[in-house]
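Only one structure is covered here, and it is reproduced in the block below.
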Amino acid sequence: MSVVGLHHVQIACPAGSEDDLRGFYGDLLGMPEIPKPPVLAARGGVWFEAGDRQLHCGVEADFRPARKAHPCFLVEDVDAVAKGVASAGGEVRWDDSIPGVRRFHTDDPVGNRVELQQP
């Protein structure tokens, strides 16, 4: 038996944060929203497409933002994305600790760490 791929990554969010997450992941980063199945939609949260993978933002009652664990999204123009994040009031933390990799970290509207990287 072996793992054959990765379908989605789930991060936590507080109840009622769906519109803020839509603004960040959907509007700012350009990730299309995926409709949740009705049974799961009743729980709150929101899902997005990231290429052929998915990001699931699930409501957690005792929510605490992830400061270390994080998704990393590949983008075509990391400088343009950094400019957009900064223009929207987000913090851009460049990281050059991996030689040859242009990337930065920021936080989504609920405080979860997010990495953006240019392939």
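The values are calculated or read from the model by the stated rules, or taken from the named source; none is laboratory data. This is a predicted model, so every value here is computed, not measured. The protein model used for the area step is the full one, side chains on, heavy atoms only, and it has no ligands, DNA or RNA in it. Shrake-Rupley method; radii C 1.70, N 1.55, O 1.52, S 1.80 Å.
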> Ordered by residue, what ³J(HN,Hα) values in Hz, to whole numbers, does the range 30-37 give under the Karplus form 6.51 cos²θ - 1.76 cosθ + 1.60, where θ = phi - 60° and Gly and Pro are x?
Replying inline: x, 8, x, 7, 10, x, 7, x
> What are the residues whose amide H is under 5 Å from the amide H of V75, where those residues sit 5 or more places off or on another chain and H is modelled from the backbone?
Replying inline: Q117, Q118
> Tell me, what % of the accessible area of the chain is carbon and sulfur with a 1.4 angstrom probe?
Replying inline: 53 percent
> How many Å² of accessible area per residue for the range 1-67, probe 1.4 Å?
Replying inline: 65 Å²
> Once amide H atoms are placed 1.01 Å from N in the peptide plane, what residues at a sequence separation of 5 or more from A50, or on another chain, have their amide H within under 5 Å of its amide H?
Replying inline: L55
>> Over 10 Å intervals from 0, what percent of Cα-Cα pairs in the chain sits in each interval?
In response: 13, 44, 33, 10, 1
>> Angle check, please: helix 78-87 long axis (alpha carbons) against the longest principal axis of the chain (alpha carbons), in degrees 0 to 90, nearest 10.
In response: 70 degrees
>> Counting only helical runs of four or more DSSP H residues, what would the 222 nm mean residue ellipticity of the chain come to if each run contributes -39,500 (n - 2.57) and the total is spread over all its residues?
In response: -3500 deg cm²/dmol
